[in-house]
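Input: a single structure, listed below in structure tokens.
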Amino acid sequence: MSPRTRHAAAVVAVWALATPPAIAAETTVTFAAPGAPALRGYLTRPPGAGPFPAVLLLHSCLGWPFDRRQIGETIAGWGYVALFVDDFSSRGLKESCTVDFPAATADADGALAYLAGRPDVDRARIAVVGFSQGADTALAIAADDPRV
């Protein structure tokens, strides 16, 4: 093998090791929650059959940030299924910063049931992460729900 060929092979090997695994594109899913219309969620998962641990993500009172897809891809790249709950679009809301939003807990409960029922999710390894107002909901869920 010539030095040039060895160099090219080394470059290809380094590139292959540095390239993250292929992540399935974000898909929109729907699930039921107590007292709510069919709720929308955004799911990103690692490649393979699983079962994988999962992370349920709850948004702030302003909804999801522009980089939601990137966050989902990063979490899936770590080997987790990521589910972002969208409480707002099913209800025609843009934000809930000026009102209490008690439906968020029921919505998270429905999302947990949805994740636990997926064959690609390890139901014994589900975490909840919340952003701002969603963090309050995540703490309430984590304190009371044995699925988390």
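Key figures for this structure:
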read-out	value
10 Å-binned pair-distance histogram of region 22-144 (Cα, whole percent)	14, 49, 32, 5, 0
Average Cα contact separation per residue, region 22-144, under 8 Å, 6 or more apart, as relative contact order %	34
Net charge of Cβ neighbours under 13 Å - reference Tyr80; Lys, Arg +1; Asp, Glu -1	0
Size-normalised alpha-carbon gyration radius of region 38-77, reference 2.2 N^0.38 Å	1.28
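Since every read-out is calculated from the coordinates, none of them should be taken as a lab result. All values derive from a computational prediction rather than experimental measurement. Please note: Cβ atoms are built from the backbone with ideal geometry, for glycine as well, and neighbour counts cover all protein chains shown.
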